[in-house]
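First the structure, in the form of structure tokens, and then the observations on it.
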Amino acid sequence: MRTLVRETSLAPSQLIYPLFICPGEGVRKPIGSMPGVFNLSIDEALKEAEECAKLGLGGLLLFGLPEEKDEQGTGAWAEDGIVQQSLRAMKSNRALDGLVQIADVCLCEYTSHGHCGIVTRDGDHAHVENDSSLELLAKTAASLAKAGADIVAPSDMMDGRVAAMREAMDAAGMQETPIMSYAAKFSSAFYGPFREAADSAPQFGDRRSYQMDGANRREAMREIELDLAEGADMLLMKPAMPYMDIIREARERFELPMGAYQVSGEYSMLHAAFERGWLEPERTMMESLLGLRRAGADFIVTYFAKDAARVLG
Ligand code: PBG
């Protein structure tokens, strides 16, 4: 009877698994703060992707660790960039047809300073410049779409980037590739472990000049409205668990497909408690995901995707 009257469902097809792709061959380097998560070379990422496809997951979210970084983040839009290469490999593997390939669009993994845009220095003062970053981000989105991304997902939080990306992708003949915008991405301590996984910690300062203040709910709605006006096709809310009120409010206001990103720190803190025997792993994991669906997320990006799919069977 409980099954009959259950209001919220969770299925493997609603889960998206992030992958961190690195150069080399046969590389499977564990991330210390994220048990079960690795930096994977393309050959290993393909094996991981095949497992995800067998488990019936909805898709993958790809991040890249380039061979070299520079001030402009050249590796982000390089024709032979690490994510571009992986996308080509993934798209030519028939076993992966059921997986939606989502490419994260940002510069922070590719810049030597670790910021998500272009940094200008003026004496002791350095700042991330919004407008000059747009062209590079747009170039990156077009390059990833051409390499085979089914969806591009901008996470940089520069203002105006959705419009800039739409224009660059259309000009590149990729009119049909949708944009999933991290429209209201909050500046969060919960991204800590990701910065180890993606080697993307800012070398100075923090991301508060472009990511949102966690205190602001109305501003979050305004950020979403702006991205929709610029042409965003879907939304990705993040972090997830500390911002469930924002997810619920966005669900009630906007008709677009919307996902929630249960970020690295959310995964790490639960694992830390599992390791100590303080929380029951399976029940806690499933409850954390069901709660996000109930809050209004259509799909969830989560490092638990494979484990949860195994439980769901
Ligand atoms: C890139 C980006 C970040 C995350 C996704 N894309 C890190 C950041 O903004 O510092 C975080 C994801 C996670 O913590 O799992 N800008």
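Quick notes on this structure:
- Among residues of the range 212-236, those that are within 13 Å of the ligand (Cβ to nearest atom) and modelled with pLDDT of 95 or more, counted: 1
- Complete set of residues in the range 23-41 that are over 20 Å from VAL263 (Cβ atoms) and out of contact with any strand residue (DSSP E or B) (no Cβ under 6 Å at 6 or more places or on another chain): PRO23, GLY24, GLU25, GLY26, VAL27, SER41
- Selected residue (only one of ALA153, ALA141, ALA149 is open to solvent by less than 10 Å² (accessible area, probe 1.4 Å) and part of a strand (DSSP E or B)): ALA153
- Residue count for the range 158-169, restricted to those that are in contact with a Ser or Thr (Cβ under 9 Å, 6 or more places away or on another chain) and within 16 Å of the ligand (Cβ to nearest atom): 4
- Test result for GLU44, more than 14 Å from the ligand (Cβ to nearest atom) and open to solvent by 30 Å² or more (accessible area, probe 1.4 Å): no
- Residue list for the range 295-313, filter: of a type in the set (Asp, Glu) and either part of a helix (DSSP H, G or I) or on the phi > 0 side of the Ramachandran plot (or both): ASP307
- The one condition from (1) within 16 Å of the ligand (Cβ to nearest atom); (2) open to solvent by 20 Å² or more (accessible area, probe 1.4 Å); (3) in contact with a Gly (Cβ under 7 Å, 6 or more places away or on another chain) that ARG251 does not meet is (1).
- The range 280-294, residues that are outside any helix (DSSP H, G or I) and either open to solvent by less than 70 Å² (accessible area, probe 1.4 Å) or of a type in the set (Gly, Ala, Ser) (or both): none
- Pair list, Cβ under 9 Å, 6 or more apart: the range 195-217 residue more than 18 Å from TYR182 (Cβ to Cβ), other residue of a type in the set (Asp, Glu) and crowded, with 17+ Cβ neighbours inside 10 Å: ASP199/GLU109
- Every condition in (1) touching a residue at least 60 places away in the same chain (Cβ under 8 Å); (2) open to solvent by less than 40 Å² (accessible area, probe 1.4 Å); (3) not charged (D, E, K, R) is met by ALA273 except one, and the failing one is (1).
- Comparison of GLU7, GLU51 shows that the only residue that is in a loop (DSSP other than H, G, I, E, B) and of a type in the set (D, E, K, R) is GLU7.
- Residues in the range 170-211 that are open to solvent by 30 Å² or more (accessible area, probe 1.4 Å), near the ligand (Cβ under 10 Å from one of its atoms), farther than 14 Å from ASP156 by Cβ and part of a loop (DSSP other than H, G, I, E, B): ALA201, ASP206.
- Residue within the range 147-155 that is among the polar types (S, T, N, Q) and either under 30 Å from LYS306 (Cβ atoms) or touching a residue at least 60 places away in the same chain (Cβ under 8 Å) (or both) present: yes
- LEU256 in contact with a helix residue (DSSP H, G or I) (Cβ under 8 Å, 6 or more places away or on another chain), under 28 Å from MET157 (Cβ atoms), open to solvent by 10 Å² or more (accessible area, probe 1.4 Å) and free of Cβ contacts under 8 Å to residues at least 40 places away in the same chain: yes
- Residue within the range 54-71 that is assigned to a helix (DSSP H, G or I), within 16 Å of the ligand (Cβ to nearest atom) and within 25 Å of ASP159 (Cβ to Cβ) present: no
- Extreme residue, nearest to the ligand (Cβ to nearest atom), among residues of the range 112-147 that are among the β-branched types (Val, Ile, Thr) and at pLDDT below 95: VAL128
The values are calculated or read from the model by the stated rules, or taken from the named source; none is laboratory data. All values reported here derive from a predicted model rather than from experimental measurement. Virtual Cβ from ideal backbone geometry, glycine too; neighbours counted across all protein chains shown. Heavy atoms of the whole protein, side chains included, go into the accessibility calculation; ligands, DNA and RNA do not. Shrake-Rupley method; radii C 1.70, N 1.55, O 1.52, S 1.80 Å.
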